[in-house]
Amino acid sequence: MTMPTIMATRITRRQNRALLRSPPRKRGPALRPKKDSHEIESIRTPQAQRTPSPLRGGLGWGSGGEAQASTEASRLATPTPPSPSPQGGWELDQAALLRLMTWLSPAYPVGAFSYSSGIEWAVEAGDIADAASLRDWLAIMLTDGTGRNDALFFSKTHRAVACGEDAALVDAAELAAALTPSRERHLETTTLGRAFVEVTQAAWPCDALNRLKLLWPGPIAYPVAVGAACAGHAIPLAPALHAFLTALVSNWISAGMRLIPLGHTDGQRLIGALAPAVTATAASALAATLDDLGSAAFRADLAGIKHETQYTRLFRS
């Protein structure tokens, strides 16, 4: 190694040692990254004291948010006392709408999908062959048969619970369990009613269902069970009855779609086509009493009886 190279190496090592001994330089204020006021406030503020964010529906973090969430859950879980009005208006609050949509959803575990109310025999016999004949059949069932009677029982039960009339409630429950044209129709309405009471008492308990079981130890028909629950949770009669009849018709249409068969679009068209019949049946039931019970849908009642001995069956009724 030559002399200039040795001198350069020594100078480099000397400079490195000097750098290692010297304290680190401080960066100027212009080189320091700035934090905005929101970030600084987030660091200084404990997590449990942060204010709610409007993007999270008004529920914040920590103790403050938990308190608001608890208050909201308590408000939804506790129904307001039933209105003394036997019918009520059409106004639905958030809690009532949530319950009504949940109870009458096809996903509610009562097993309605396994019953056809005699439609299976009507398809086998050739009475129902397409969307038009299914619409005509269901319109009669709704306005002059099972649908109308169920609407009357629903209305009577709701009014009895809302007004605290125990005798009227027992009359509706007893007559609804007895007024069934066939064994399978009785099985259908009482099985659905029992399932609805059990599931609703487990997830949406109310005193009205307890009162119903105490006063009437016999089998509970489906419209009586749903009507009592709606009244017990302060859901107005008019929208509850319309929703109940719409769900009933939708279940009938679903059975027809599987049996004929029909497409999903045809099924929705049928629901729309039967909407006026639903409205007319609900209006008739709201103005009627149990003395107006009766059926003129003889062929539909006969279909329910014939289905009991049908050889190949997909449905229980």
* To do: Can you run down the residue pairs with Cβ atoms below 6 Å, 6 or more apart or on separate chains, where the first is in the stretch 269-280 and within 15 Å of W137 (Cβ to Cβ) and the partner is assigned to a helix (DSSP H, G or I) and among the charged types (D, E, K, R)?
  => L270/R135; A273/R135
* Asked: Considering the stretch 107-162 alone, what residues qualify as being touching a Phe, Trp or Tyr at 6+ places or on another chain (Cβ under 8 Å), more than 24 Å from A173 (Cα to Cα) and assigned to a loop (DSSP other than H, G, I, E, B)?
  -> D127, I128
* **Any hit, the stretch 85-97, residues being at pLDDT 95 or above and part of a loop (DSSP other than H, G, I, E, B)** => no
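Quickly run through the stretch 248-272 and pick out the residues that are closer than 23 Å to W121 by Cβ and open to solvent by 30 Å² or more (accessible area, probe 1.4 Å). It would help to see each step written out before you state the result.
Of the residues in the stretch 248-272, the ones closer than 23 Å to W121 by Cβ are 248-263, 266-267, 270-271.
Within the stretch 248-272, S250, N251, S254, M257, R258, L259, I260, P261, L262, G263, D266, I271 qualify.
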* How about the stretch 275-317: which of its residues are touching a helix residue (DSSP H, G or I) at 6+ places or on another chain (Cβ under 6 Å) and surrounded by fewer than 13 Cβ atoms within 10 Å (Cβ to Cβ)? -> A296
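The values are calculated or read from the model by the stated rules, or taken from the named source; none is laboratory data. Keep in mind it's a predicted model, so treat the numbers as computed, not measured. Here the Cβ is made from the backbone with ideal geometry for all residues, glycine too, and neighbour counts use every protein chain on show. Accessible surface areas use protein heavy atoms only, side chains included; no ligands, DNA or RNA. Shrake-Rupley method; radii C 1.70, N 1.55, O 1.52, S 1.80 Å.
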